[in-house]
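Engineer: My questions all concern the structure below.
The values are calculated or read from the model by the stated rules, or taken from the named source; none is laboratory data. Quick caveat: nothing in here was measured; it's all calculated off a predicted structure. When we count neighbours, we look across all protein chains shown, and the Cβ atoms used for this are built from the backbone with ideal geometry, even at glycine. To get the accessible areas, we keep the full protein, side chains included, count just its heavy atoms, and leave off ligands, DNA and RNA. Shrake-Rupley method; radii C 1.70, N 1.55, O 1.52, S 1.80 Å.
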Number of protein chains: 2
Amino acid sequence: MADVAALAGVSNQTVSRVANNRSNVEEETRQRVLSAMRVLGYRPNTAARALVTGQFRTLGLISSTLGTFGNARTVEAVTRAAQRAGYTVNMVAVETRTERAVHEAFGRLTMQAVDGIVLIEAQILDTPALRLPPGVPVVVAGGDAGHHHAMVDTDQALGARLVTRHLLDLGHETVWHVSGPEDSYAARHRAASWHATLKEAGAAVPPVLYGDWSAAGGHEAGRHLARRPGVTAIFAANDQMAIGVLRALAEAGRRVPGDVSVAGFDGLDEAAFLSPPLTTVRQDFDVVAERIVSLLIDQIATGAAPGSAVLLPPRLVVRESTGTPPR
Amino acid sequence: MADVAALAGVSNQTVSRVANNRSNVEEETRQRVLSAMRVLGYRPNTAARALVTGQFRTLGLISSTLGTFGNARTVEAVTRAAQRAGYTVNMVAVETRTERAVHEAFGRLTMQAVDGIVLIEAQILDTPALRLPPGVPVVVAGGDAGHHHAMVDTDQALGARLVTRHLLDLGHETVWHVSGPEDSYAARHRAASWHATLKEAGAAVPPVLYGDWSAAGGHEAGRHLARRPGVTAIFAANDQMAIGVLRALAEAGRRVPGDVSVAGFDGLDEAAFLSPPLTTVRQDFDVVAERIVSLLIDQIATGAAPGSAVLLPPRLVVRESTGTPPR
DNA sequence: CCGATCGATGTTCACGTAAACATGGCCGAT
DNA sequence: ATCGGCCATGTTTACGTGAACATCGATCGG
């Protein structure tokens, strides 16, 4: 910066003003400084800037795996939204799902330079009310409204209700559910809403099967269900598990949707091209991410209290994998 | 830090030494400082540290979409590998595939504080030889060995050769190819190797169909192929497109593998649970990422010349979607 | 028993930037 | 004509840390 100042024949401060697009610099001076910057290949030093301003223009992002479609899409959408807002994203992957791991990630991030943190919380943590060290704004993507941070999520309950109702409306006596892991908030919300919807409709509530969000997990659950007579409708808690369920049914010679209807959740792009094309609930990850980032940036700017919970409606996409039950 | 020093009754420098785990501090003093840190909730300031050391312990990661399985897996694996090495990952998503966009991302990143950059280069850039501003170590994940940076990738050519040979060995007269977009290095490598393998075997080389890595793109290509008599083997350049191809064949009433064999590429977890389970080429993204990160950190540490190109072998996974041609 | 050496600790300084305050010239209102 | 105020610019300083160098006491070899 000193070199630029010298070359342009101005003071350091004027260079700083130009670098930060301040208005109170004469046009001619600005041009002189800009060209000096170009000549010298000047790049402002973020560390120095952050040191003096206390701002990093960086958001931390804590996620577990990118192997589930929802996480990957959320991470990408958050990154894009942050970029649009002039922020960079610092990613941390947590290996395990314990609170300690998240705390560690959190530490790594606050030690690193972030202004706020997005926690993609597919997993329920050790303690019911997630309490992270204070001082850094946090927005949780998915989870319970219960804890002490702002939260944004697709309305999982609504989504589960939509699929379950859809299957009941087709005439199925009840709907079986292949849930995600028990320690996932999303999985619990979907399962709870499926349960409630069945009860409201006066339908029997069959036992829940648990998967791990993967096709392999869905396949295993599907094999149990395929052996079970009377199963005519299955709601898998995500599309990847639904793929496994479809496969298990195919292996058992049960036709979809002739013998059994299958629906998923998430809105995987590939879902439309499975055999048969999969009925699913599409989440709008872009909007979720947009809200997450704007909420977080608000918190950073105002230092205001968190606490709000935003739920965004998903949309039921009916395809060929669901139909009327066999007579 | 000053507060900690005061509370522990030592100098700033001693606190710094403890914070950096230097050996030359007496155990008792260290404990006193550590407890003072705990009491005051001290966290070292990364910005100040970076300002004085010139190191950020951060890697930049430039990627296009996370929608393709390969990218998502690579991003996750790189993040994990970087974490293990004590680095944080700063992610930038480029919207378009032009060189300008990458340059912009690059600028955003060098302006931000990174010690090195990983470029996940699914797309060919405007200029054939990618030339980025010098001064920052770069490792390219995928791409041509031609350009001026270190490169690590799965051996795409080997993978494509394995699938193509596999299909020829089953007795197919030739193999059709649904390629990824023309501006993708990976797509080009796979297509070129498919082409060469056919020629080596003396098989006819059918025209290439192009997709965009998505199931929808694969579906469209698949519809063309399904109408075409004499097509008995299809190699899709990734698993997601293979899903679309499978669907198109199913819609056209052509049986897999009875009438047509289909193989993919990548090793999508779901591939094993499609109907039929998909033959594919599995890339070991974890190892690729490991190498990328270690290469990059080496470059950062030594400031040494780049230039090396590392190719890691993929593995053919044969499943039920490929079989002998119809007689 | 004394000087050399070494380990623990302290002191000073620079890193690159933007905030706060200072300066000086110009313009418009009285 | 004079003065207040505003605008462009300059000067000084602090941000929190680690490197370099300084100091001091203890230990050890001759």
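Engineer: Using +1 at the C-beta of Lys and Arg and -1 at the C-beta of Asp and Glu, which of B:A160, B:G253, B:P276 has the Cα lying farthest in the positive direction of the dipole of the range B:156-283?
Structural biologist: With unit charges placed on the Cβ atoms, the residue in question is B:G253.
Engineer: Still on this structure, I have one more. Could you grab the Rg to Rh ratio for the protein assembly as shown? Cα atoms only, Kirkwood for Rh.
Structural biologist: 1.02
Engineer: A follow-up question, please. Could you report the protein assembly as shown's accessible area per residue, 1.4 Å probe, as an integer in Å²?
Structural biologist: Here the residues of the protein assembly as shown average 41 Å² of exposed surface.
Engineer: May I pose another question? Working with all protein chains in place, sort A:L119, A:L34 by solvent-accessible area computed with a 1.4 Å probe, largest first.
Structural biologist: So, going from the largest accessible area down, we get A:L34, A:L119.
Engineer: Suppose every K and R has +1 on its Cβ and every D and E has -1 on its Cβ; what is the size of the dipole of the range A:173-230 about the Cα centre, in Debye to the nearest 20?
Structural biologist: 140
Engineer: Roughly how many debye, to the nearest 20, is the charge dipole of chain B about its Cα centre, given +1 on each Lys and Arg Cβ, -1 on each Asp and Glu Cβ, and no other charges?
Structural biologist: The dipole of chain B has a size of about 280 debye.
Engineer: Just to confirm the numbers: A:K199, label point 7 angstrom along the Cα-Cβ line, distances to the other copies in nm, shortest first?
Structural biologist: 6.9
Engineer: About the Cα centre, and with charges only on the beta carbon of Lys, Arg (+1) and Asp, Glu (-1), how big is the dipole of the range B:2-44? Nearest 20 debye, please.
Structural biologist: 160
Engineer: Along Cα→Cβ at 7 Å, what distances in nm separate the A:T324 label point from those on the other copies, shortest first?
Structural biologist: A:T324 label point versus its equivalents elsewhere: 4.5 nm.
Engineer: Same structure, new question: How many partner chain Cβ atoms sit within 10 Å of a residue's Cβ in peptide A:156-169, on average, as a whole number?
Structural biologist: Per residue, the average neighbour count from other chains is 0.
Engineer: Among A:G222, A:G70, A:G253, which one moves the most in a GNM of chain A with springs linking Cα atoms closer than 10 Å?
Structural biologist: A:G253
Engineer: How are the Cα pair distances of the range A:2-44 distributed, in percent, across 5 Å bins from 0?
Structural biologist: All Cα pairs considered, the percentages come to 6, 28, 41, 21, 4.
Engineer: For peptide A:266-277, what's the mean number of Cβ atoms from other chains within 10 Å of each residue's Cβ?
Structural biologist: 6
Engineer: Using Cα pairs closer than 8 Å and at least 6 residues apart in sequence, work out the relative contact order for chain B, in percent.
Structural biologist: Relative contact order, chain B: 16 percent.
Engineer: Using the Cα atoms of the range A:175-327, I'd like the radius of gyration and the largest Cα-Cα distance, Dmax, both in angstrom.
Structural biologist: 17.4, 61
Engineer: A follow-up question, please. Under a GNM of chain A (C-alpha, springs under 10 Å), which listed residue has the highest mean-square fluctuation: A:Q283, A:Q156, A:Q83?
Structural biologist: Among A:Q283, A:Q156, A:Q83, the largest mean-square fluctuation in the Gaussian network model of chain A belongs to A:Q83.
Engineer: Within the accessible area of the protein assembly as shown, what % is carbon and sulfur when the probe is 1.4 Å and the other protein chains stay in place?
Structural biologist: Reported share for carbon and sulfur atoms: 51 percent.
Engineer: Tell me, what HN-Hα J-couplings in whole Hz come from the Karplus equation 6.51 cos²θ - 1.76 cosθ + 1.60 at θ = phi - 60° for each residue of the range B:268-283, using x for Gly and Pro?
Structural biologist: Running phi through 6.51 cos²θ - 1.76 cosθ + 1.60 with θ = phi - 60° gives 3, 4, 6, 4, 6, 10, 7, 10, x, x, 8, 5, 8, 10, 8, 8 Hz.
Engineer: Could you work out, residue by residue across A:36-49, how many beta carbons of other chains sit within 10 Å of that residue's beta carbon, and then give the average as an integer?
Structural biologist: The shielding value for this peptide is 3.
Engineer: Let me ask something else about it. Give or take rounding to whole Å, what are the principal axis extents of the alpha carbon atoms in the range B:1-76, in descending order?
Structural biologist: Ordered largest first, the range B:1-76 gives principal extents of 55, 22, 22 Å.
Engineer: Count the DSSP beta bridges whose two residues both fall in chain B, then state the antiparallel fraction as a percent rounded to the nearest 5.
Structural biologist: 10
Engineer: Also, quick follow-up: Please arrange A:M241, A:M37 by accessible surface area, largest first, computed with a 1.4 Å probe and ligands excluded.
Structural biologist: Listed by decreasing accessible area, they come as A:M37, A:M241.
Engineer: Continuing with the same structure: Put a label point 7 Å from Cα along the Cβ direction on A:S23, then list its distances to the equivalent points in the other copies in nm, shortest first.
Structural biologist: Those separations, rounded to one decimal, come out as 6.0 nm.
Engineer: In Å, the Kirkwood hydrodynamic radius of chain B over pairs of distinct alpha carbons?
Structural biologist: With all distinct Cα pairs of chain B included, I get 22.0 Å.
Engineer: Test of the criteria: in the range B:1-66, which trypsin sites (Lys or Arg not before Pro) are in a DSSP loop and have at most 12 other Cβ atoms within 10 angstrom of their Cβ?
Structural biologist: Those satisfying the criteria are B:R22.
Engineer: Another question, if that's okay. Just flag the trypsin sites (Lys or Arg not before Pro) in the range A:230-297 sitting in loop per DSSP whose Cβ has no more than 14 other Cβ atoms within 10 Å.
Structural biologist: Hits after loop and neighbour filter: A:R255.
Engineer: Rounded to the nearest 500, what is chain A's calculated 222 nm mean residue ellipticity when only DSSP H runs of at least 4 contribute -39500 (n - 2.57) each, over all residues?
Structural biologist: One gets -13500 deg cm²/dmol as the mean residue ellipticity at 222 nm.
Engineer: Which one, B:T29, B:T74, B:T65, has the greatest fluctuation when you compute a Gaussian network model over chain B with C-alpha springs under 10 angstrom?
Structural biologist: B:T29
Engineer: Determine the distance separating the Cα centre of the range B:7-36 from the Cα centre of the range A:1-80; give it in Å without decimals.
Structural biologist: A separation of 35 Å, based on Cα centres.
Engineer: Right, something else. Can you give the relative contact order of the range B:2-44 as a percent, counting alpha carbon pairs under 8 Å and 6+ residues apart?
Structural biologist: 44 percent.
Engineer: Can you put A:E76, A:E173, B:E200 in order of accessible area, largest first, using a 1.4 Å probe?
Structural biologist: I get A:E173, B:E200, A:E76, largest accessible area first.
Engineer: Next question, about the same structure. Among the DSSP beta bridges whose two residues both lie in the protein assembly as shown, what percent are antiparallel, rounded to the nearest 5?
Structural biologist: 15
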